[in-house]
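The values are calculated or read from the model by the stated rules, or taken from the named source; none is laboratory data. Keep in mind it's a predicted model, so treat the numbers as computed, not measured. No Cβ is skipped: glycine too gets one built from the backbone with ideal geometry, and neighbour counts run over all protein chains shown. The protein model used for the area step is the full one, side chains on, heavy atoms only, and it has no ligands, DNA or RNA in it. Shrake-Rupley method; radii C 1.70, N 1.55, O 1.52, S 1.80 Å.
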Amino acid sequence: MKIHQSAEDYLEKILMIREKKGEVHSIDIANELGFSKPSVSVAMKNLRQAGYISMDGSGAITLEAPGLEIAERIYRRHKLLTRFLLALGVSAETAARDACRIEHDLSPETFDRLQAYVEEHLPES
């Protein structure tokens, strides 16, 4: 099943917030992305109906296995691309923004080759 870039962005953001805060609520996502709470609520409803997330009675969001798999893939791409762009001398802000754009469109083959190159040639930062 093909998932839209916006859904990938939401899933990735949920993972990122979970790593920072431990628990994720819609308001956290709205604040991080600069979106309205109603927009995020609609997106969370769609992700829940698709089986990517679940929410408990307090509104805490949990990534379900399919959502976690997508979030981890996109976030792994984001971190690697950011690292590569920083090594090229791109500013941190631009590197993060550009990585977010590129992460969705790279073929698996290109990503695998880029990952191998980065791991061989660029020190961990």
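Listing for the model above:
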item	result
Residue among Ala95, Ala99 that is in contact with a His (Cβ under 6 Å, 6 or more places away or on another chain) and either open to solvent by less than 40 Å² (accessible area, probe 1.4 Å) or charged (D, E, K, R) (or both)	Ala99
Top-ranked residue in segment 1-37 [being small (Gly, Ala, Ser) and open to solvent by 50 Å² or more (accessible area, probe 1.4 Å); ranked as nearest to Ile74 (Cα to Cα)]	Ser6
Test: residue in segment 49-57 that is under 24 Å from Tyr117 (Cβ atoms) and among the aliphatic types (A, V, I, L, M)	no
Matching residues in segment 54-83 - criterion: being aliphatic (A, V, I, L, M) and more than 14 Å from the chain's Cα centre (by Cα)	Met55, Ala60, Ile61, Ala65
Criterion: open to solvent by 60 Å² or more (accessible area, probe 1.4 Å), part of a loop (DSSP other than H, G, I, E, B), among the charged types (D, E, K, R) and without any contact (Cβ under 8 Å) to a residue 40 or more places away in the chain - qualifying residue of Asp105, Asp112	Asp105
Helices (runs of 4 or more DSSP H) lying entirely in segment 1-86 (those with 1 or more residues that are under 27 Å from Leu122 (Cα atoms))	5-21
